[in-house]
Amino acid sequence: MRGWRLLVTLLLGSLVVSACGGPVELHGAVFQQPRQLDFRLTDSASGQPFRATDLEGKVALLFWGYTYCPDVCPTTLGEFKRVKAELGARAEDVRFVMITVDPERDTPDRLSRYVASFDPSFIGLWGDPAAIQQLAERYGIVAEKRAVADSSAGYLVDHTAMAFLVDKQGLLRAGYPLGVKVEDMAADVRALLAE
Amino acid sequence: MQYARSVLCSLGFALALSLLCACGAASPPTSSLPAATPASSAAAIRVENAWARPATKMDGGMGESADMQHGSEQEGHASGMSEMAMGSTSAVYMRLVNATASPDAVVRAASEAAAAVELHTVEMENNVARMRPVSQIDIPANGMVELKPGGFHVMLLGIKQDLEPGDTVALTLTLQSGGTLNVDAPVQEQPAQ
């Protein structure tokens with residue numbers, strides 16, 4: 001009986017501890033030395049230039065993908081959609097961004113329609129192939145075209161499948177692998193909104 | 001003390017109940033409607049929880065091409081290929097359960113819903129996703145294989161119309177053992193992980 005009571009106490013105790021946690025502890029892989037996000041691309045919806053500074057004052061979730069990708073990219077955008085729903089009205093101060101790794105096939109028009117099919121507020125950013133490659137290299141993002149002989153796809157693009165959390169100052173704060181818990185991402189966004 | 005004990009007892013009961021619930025949720029559904037009907041001698045392979053991803057048909061600015069009408073007959077044809085490459089993609093997922101003592105495999109998938117249908121997988125390495133066509137998806141004997149986001153999937157290339165929740169994608173899977181399976185995959189948003 002005593003052992004059983006101890007077990008219950010321990011279980012309840014561990015629940016309380018995990019609920020408290022630290023003040024700004026993020027769930028994602030935290031970048032110890034956050035880098036400033038800096039780019040000049042094109043907003044696929046308006047065709048206007050879009051700079052990293054256009055995100056300042058907002059918390060952003062950003063990832064690299066392409067519209068032709070049937071699996072990983074819609075999974076990530078679906079996660080973004082659920083994060084937005086989880087945030088409710090707070091999502092007004094959050095931007096959800098996809099940068100194309102396939103600028104040759106992803107015309108701005110196609111890209112904007114693709115991201116809008118998940119949520120009209122989602123932003124698709126386009127740049128010419130050289131600009132995209134340069135940007136990817138600067139941030140250690142893999143974006144490699146790969147010809148696939150036995151596929152009607154022609155070529156596929158191997159790419160980094162992580163979502164990145166950007167704070168209101170434009171600093172890259174954390175990364176999330178594919179399949180991260182939506183609640184964890186939403187909690188981190190809330191933490192940065194409160195900073 | 002008596003009171004404290006009864007509180008503890010109810011806590012214990014609640015805990016046991018939640019554990020029971022957790023077990024219930026983890027076990028496969030037993031009463032769901034079958035998503036597949038055996039088209040021939042493939043009854044030993046069961047399809048569960050099939051679903052297709054919503055997608056919007058896009059022509060990539062090239063407009064509707066006659067090639068699209070001919071579907072997979074255009075495989076290998078240069079202009080057909082570029083049209084497929086410019087079209088929209090979707091993916092179908094499911095669990096394939098093999099109740100027999102012999103291993104089997106899906107070797108081909110076909111559907112009227114898209115210009116081409118392929119078996120693909122995603123290899124993840126250091127958070128880099130590398131999608132690749134595969135020649136077959138093995139279904140182990142007395143086992144199962146899961147087609148799920150971030151792994152094996154049936155890729156639809158050049159969908160012929162928008163796929164919206166409520167629609168159904170009809171697929172035919174050809175098995176290594178010779179049979180075929182007809183799968184009706186409802187279009188739905190990706191279930192939460």
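The values are calculated or read from the model by the stated rules, or taken from the named source; none is laboratory data. For clarity, every value in this text was computed on a predicted model and none was experimentally measured. Cβ sites come from the backbone with ideal geometry, for glycine too, and all protein chains shown count toward neighbours. Ligands, DNA and RNA are excluded from the accessible area calculation, which covers all protein heavy atoms including side chains. Shrake-Rupley method; radii C 1.70, N 1.55, O 1.52, S 1.80 Å.
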Per-residue average of Cβ from other chains inside 10 Å of A:158-167: 3
Accessible surface, chain A, averaged per residue in Å² (probe 1.4 Å): 46
Peptides ranked, highest mean first, by Cβ atoms within 10 Å: ranges A:53-65, A:94-106: A:94-106, A:53-65
Protection-proxy order for peptides A:74-81, B:102-109, each taking the mean of Cβ atoms within 10 Å per residue, highest first: A:74-81, B:102-109
Mean Cβ count within 10 Å, highest first, over the residues of peptides A:32-40, A:124-132, B:87-95: B:87-95, A:124-132, A:32-40
Exercise: per-residue mean of other protein chain Cβ atoms within 10 Å, A:140-150: 2
Surrounding net charge for residue A:129, when Lys and Arg each add one and Asp and Glu each subtract one, Cβ distance under 14 Å: -4
Filter on A:58/A:84; A:81/A:145; A:168/B:57; B:57/B:148 - keep pairs with C-alpha separation over 25 Å: A:81/A:145; A:168/B:57
Amide proton proximity set for residue A:35, modelled H, under 5 Å, gap of 5+: A:172
A versus B: buried accessible surface, summed, Å² (probe 1.4 Å, to nearest 100): 3400
Nonlocal amide H pairs with residue B:134, under 5 Å, H built at 1.01 Å: B:119, B:120, B:121
Net charge contributed by nearby residues that have their C-beta within less than 14 Å of residue A:168 (K/R +1, D/E -1): -2
Using a Förster distance of 22 Å, the FRET efficiency for residue A:56-residue A:183 (Cβ separation, nearest 0.05): 0.25
Length gained when the stretch residue A:134-residue A:90 is fully extended (0.36 nm per residue, less Cα-Cα span): 12.5 nm
Share of carbon and sulfur in the accessible heavy-atom surface of chain A [1.4 Å probe, %]: 55
Environment charge at residue B:113 (Cβ cut-off 14 Å; Lys +1, Arg +1, Asp -1, Glu -1): -3
Inter-chain Cβ neighbour average for residues B:116-126, partner chain, 10 Å: 3
